[in-house]
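The values are calculated or read from the model by the stated rules, or taken from the named source; none is laboratory data. Bear in mind that the values here come from a model prediction, so they are computed numbers and not experimental data. Here the Cβ is made from the backbone with ideal geometry for all residues, glycine too, and neighbour counts use every protein chain on show. Each accessible area value is taken on the protein alone, full model and side chains, heavy atoms only, with ligands, DNA and RNA left out. Shrake-Rupley method; radii C 1.70, N 1.55, O 1.52, S 1.80 Å.
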Amino acid sequence: MISRFHFDGVLPPDGEVPLPDAVSHHALRVLRLADGEPLVLFDGSGIEVDARLVVRGKQGFVLLGERHENNRESPLELILVQALASGDKMDWIVQKAVELGAARVIPVQAERSVLRLSGERAQKRQAHWQQVAISACEQCGRNVVPEVAPIQPLSAYLEASTGAHRLVLAPGGERPLAELPRPEAALHLMIGPEGGWSDVELNACRAAGAIALGLGPRILRTETAGLAAIAAMQARWGDL
């Protein structure tokens, strides 16, 4: 397979450009690509560009070639609203949600979230998750990088996204996926933390217009629930 790299900036129409330091290091030191090897670059605009690696000393450059408008975005605009999960679960969730076609990820702080982040730590973790999303795009072929939004309290999210079409996953939810119509606009899929949403949070979600969605008789973990729902929706209405 030809290696794909995200170019942080706007790719010029042609010519030779230096690779960003992190990309150059990954191509030359980690993947050990040789001078003249083919690459694919994308800058998040939806375009991907054929290129050839040019190695000069310890620095990598690319000679830009043909441009392609390869649209690999889902016809569904699925926005994952994920309550913070502990350990490396959030990395896994962001990575797989991007691979499955999520258009955006919004991390929210919930009452029962084990992970608590604020201030500089929250900003650093958001930047890390954004890089996870970029790496997932490099792997899966997407040319548009989904945004990982800043971490916010659930109440702030509900207030800021008034009027959004929302589904909140809850054991025993009154509506199964099979009964829902195909969404005609952006769909916000809300996933609770390890301990689930509290009654207060579920009531707040319902008051904001969210429909409680059930995913069968089994209780899924937070790192499973959102991905299973996205995959099911993509299979039912999207491009899987």
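Across the stretch 3-68, the convex hull enclosing all Cα atoms gives 72 Å³ per residue. Overall form of the stretch 164-220: oblate. Here a/c, set by the Cα gyration tensor axes a ≥ b ≥ c, is 1.5 or more, and a/b is not larger than b/c.
How high is the FRET efficiency from Arg206 to Cys140, r the C-beta distance, R0 41 Å, rounded to 0.05? Calculated transfer efficiency: 0.75.
In the chain, a dipole from Cβ-located charges (positive for Lys and Arg, negative for Asp and Glu) runs towards its positive end, and of Val145, Pro13, Val132 it is Val132 whose Cα lies farthest in that direction.
Quote the charge dipole size of the chain about the Cα centre in Debye, to the nearest 20; the model charges only the Cβ of Lys and Arg (+1) and of Asp and Glu (-1). If you can, show how the numbers build up before the last one.
Values: 24 positive and 29 negative charges, 126 e Å.
Computed about the Cα centre, the dipole is about 600 debye.
Give me the percent of the accessible area of the chain that comes from carbon and sulfur atoms, probe 1.4 Å, all protein chains in place. If you can, show how the numbers build up before the last one.
On the way: 6280 of 11910 Å².
Summing carbon and sulfur atoms, their accessible area is 53 percent of the total for the chain.
The length gained on full extension between Gln59 and Leu31, counted as 0.36 nm times the residue separation minus their Cα-Cα distance, comes to 8.7 nm. Qualifying trypsin sites (Lys or Arg not before Pro) in the stretch 60-117, where qualification requires a DSSP coil assignment and no more than 16 other C-beta atoms within 10 Å, comprise Arg72, Arg112, Arg116. The distance between label points at Ser86 and Glu66 comes to 5.2 nm (points 7 Å beyond Cα on the Cα→Cβ vector). Per residue, the stretch 58-201 exposes 47 Å² of solvent-accessible protein surface, assessed with a 1.4 angstrom probe and all protein chains in place.
Report the Rg/Rh value for the chain, based on alpha-carbon coordinates and the Kirkwood definition of Rh. List each step's numbers first, then the result.
Numbers: Rg = 19.9 Å, Rh = 19.3 Å.
Result for the chain is an Rg/Rh of 1.03.
Give me the dipole magnitude in Debye, nearest 20, for the stretch 3-68 about the Cα centre, with unit charges on the beta carbon: positive for Lys and Arg, negative for Asp and Glu.
Working: 7 positive and 10 negative charges, 64 e Å.
The dipole of the stretch 3-68 has a size of about 300 debye.
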